[in-house]
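In what follows, a single structure is set out as structure tokens and then discussed.
We did not get these values from a lab; they are worked out from the coordinates using the rules stated. If you're wondering where the values come from, they're calculated on a predicted model, not measured in any experiment. Cβ sites come from the backbone with ideal geometry, for glycine too, and all protein chains shown count toward neighbours.
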Amino acid sequence: MNRRNFLITSTTTAAATGLPFLSFQDNENQQAHKFGLKYAPHIGMFKQHAGEDPLAQLEFMADQGFTAFEDNEMRNRSIELQNNMSKTMSKHGIEMGVLVAHKIYWRAPNLTSGDQNYRAEFLSDIKGSIEVAKRVNAKWMTVVPGHVDLSKDEGYQTANVIESLKQASALLEPHGITMVLEPLNFRDHAGQFLSKIAQAYQICKAVNSPSCKILFDIYHQQIQEGNIIPNIDLAWDEIAYFQVGDNPGRKEPTTGEINYVNVFQHIYNKGFNGIIGMEHGNSLAGKEGETKVINAYKSVDITK
């Protein structure tokens, strides 16, 4: 693949982030930035620089120093593209983060209901996602249990979810793959069963498997319950993965109220060496916005 030369001409963005003007050029002429943590962009985040081709976007991510990548839609991509993305990631030392493991029900009580058809569908999706994960060297996959079942007490719903996750864990454990449960906030995803970190912690303890852990999305939890660092500490032994976005707006760090300098430094000091998914949009459009995202992560990165 031909390498690209990128020139960012906007000094306004650099000034806004307090960082020097950037000139994105071919990696042969400019050494990639070395981030202290494994921040993972998504497909589409840098398409104004790299174009629509997912492989070119991965190349661009590598040029900027990103060493991880996540893709919610990976299981819906062609096998050929999955294989090519895997090769590109391997070539550049990019680690694969989460992919969404199953069909998510935003309005139906699938796993909470205990319905055997929903459970069978979920387990079938898990089996299929194992093959995708192996193809792209993924170790984590996102699971969302679905909507609350208003006809059942919360305790019964919890038991139903735990049983489905136990059966899924039995499928995942032989492959060393971990499903990460993502609590979602009430504002953006009203009615979702899993909403708080303590709730996810309780479920993971009940499932009692290395293949069932927590995805701590800091954006969702800032809205849902706040108390970010104390909840990280309380749930630490069950957290396997982080995602980020600032609030309000769900854009890159530095655009909202969350002190990501402190949060990232805290999890680094606790020994976290996993992936941090960049699960957010860009606050500005075009190349200027993409540059702003990169500068934002440089500005909040950890100090070793």
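Can you list which of the GluC sites (Glu not before Pro) found in the stretch 38-124 are DSSP loop residues with at most 12 other C-beta atoms within 10 Å? Before the final figure, lay out each step's value.
Working: sites: Glu52, Glu59, Glu70, Glu73, Glu80, Glu95, Glu121; in loops: Glu52, Glu70, Glu73.
Here the sparse-neighbourhood loop sites are Glu52, Glu73.
From Cα pairs below 8 angstrom and at least 6 apart in sequence, can you work out the relative contact order of the stretch 114-248, rounded to a whole percent? Each step should come with its number before you reach the end.
On the way: 188 pairs, mean separation 31.0, N = 135.
Dividing the mean separation by the residue count of the stretch 114-248 yields 23 percent.
Taking loop as defined by DSSP and a crowding limit of 13 other beta carbons within 10 Å, which trypsin sites (Lys or Arg not before Pro) in the stretch 177-284 fit?
Arg187, Lys270
Which of the lysines could be linked to Lys196 by a straight reach, that is with a Cα gap under 17 Å, when you skip same-chain ones fewer than 8 residues away?
Lys205, Lys213
Let me check I've understood the local charge: for Val98, count other residues with C-beta under 13 angstrom from its C-beta, Lys and Arg +1, Asp and Glu -1. What total comes out?
-3
Report the convex hull volume per residue for the stretch 38-300, counting only C-alpha atoms, in Å³.
Working: hull volume 31.3 nm³, N = 263.
Looking at the stretch 38-300, the number lands at 119 Å³ per residue.
Sorted by packing (mean other beta-carbon atoms within 10 Å per residue), highest first, where do 289-296, 144-151 land?
In decreasing order of mean packing, 289-296, 144-151 become 289-296, 144-151.
Taking amide H atoms as placed 1.01 Å from N in the peptide plane, list the residues 5 or more away in sequence, or in a different chain, whose amide H sits under 5 Å from that of Gly277.
The list, which skips near neighbours in sequence, is Ala40, Phe242, Gln243, Val244.
Given labels modelled 7 Å from the Cα in the Cβ direction, how far is it in nm from Asn273 to Asp188?
Result: 3.0 nm between the two label points.
Near Lys47, which lysines are there with a Cα under 22 Å away, not counting those fewer than 8 places off in the same chain?
Cα-Cα hits under 22 Å: Lys34, Lys38, Lys87, Lys91, Lys251, Lys287, Lys292, Lys298.
Antiparallel DSSP bridges in the stretch 38-300: what percent, to the nearest 5?
Of all bridge pairs located within the stretch 38-300, approximately 10 percent are antiparallel.
Compute the distance from the alpha-carbon center of the stretch 72-113 to that of the stretch 208-234, in whole Å.
Using only Cα atoms to place each centre, the spacing works out to 21 Å.
Please report, to one decimal in angstroms, the Kirkwood hydrodynamic radius of the stretch 192-304 built from all distinct Cα-Cα pairs.
Details: mean 1/r = 0.0677 Å⁻¹.
Mean inverse Cα-Cα distance, inverted, gives 14.8 Å.
By its C-alpha gyration tensor, with a ≥ b ≥ c as the square roots of the eigenvalues, how is the stretch 60-105 shaped: rounded for a/c under 1.5, else prolate for a/b larger than b/c, else oblate?
On the way: a/c = 2.98, a/b = 1.64, b/c = 1.81.
Oblate is the answer for the stretch 60-105, as a/c is 1.5 or above yet b/c matches or exceeds a/b.
Can you show me the helix-derived [θ] at 222 nm for the chain, built from DSSP H runs with n ≥ 4 at -39,500 (n - 2.57) apiece and divided by the number of residues, rounded to the nearest 500.
Estimated from H runs of four or more residues: -13000 deg cm²/dmol.
Using the Karplus curve 6.51 cos²θ - 1.76 cosθ + 1.60 with θ = phi - 60°, what ³J(HN,Hα) values do you get for each residue of the stretch 75-86, in whole Hz, with x for Gly and Pro?
My calculation for the stretch 75-86 gives 5, 9, 8, 5, 4, 4, 5, 4, 4, 5, 5, 4 Hz in order.
Angle, helix 286-300 long axis vs. longest principal axis of the chain, Cα atoms, 0 to 90°, nearest 10?
With both axes taken from Cα atoms, the answer is about 80 degrees.
List the relative contact order of the chain as a percent without decimals, with contacts defined as Cα pairs under 8 Å and 6+ residues apart.
18
Under the rule of at least 5 residues apart or a separate chain, name every residue whose amide H is placed under 5 Å from the amide H of Thr142.
Leu99, Val100, Ala101, Val180
How far, in degrees from 0 to 90, does helix 197-207 lean away from the longest principal axis of the Cα atoms of the chain, to the nearest 10?
60
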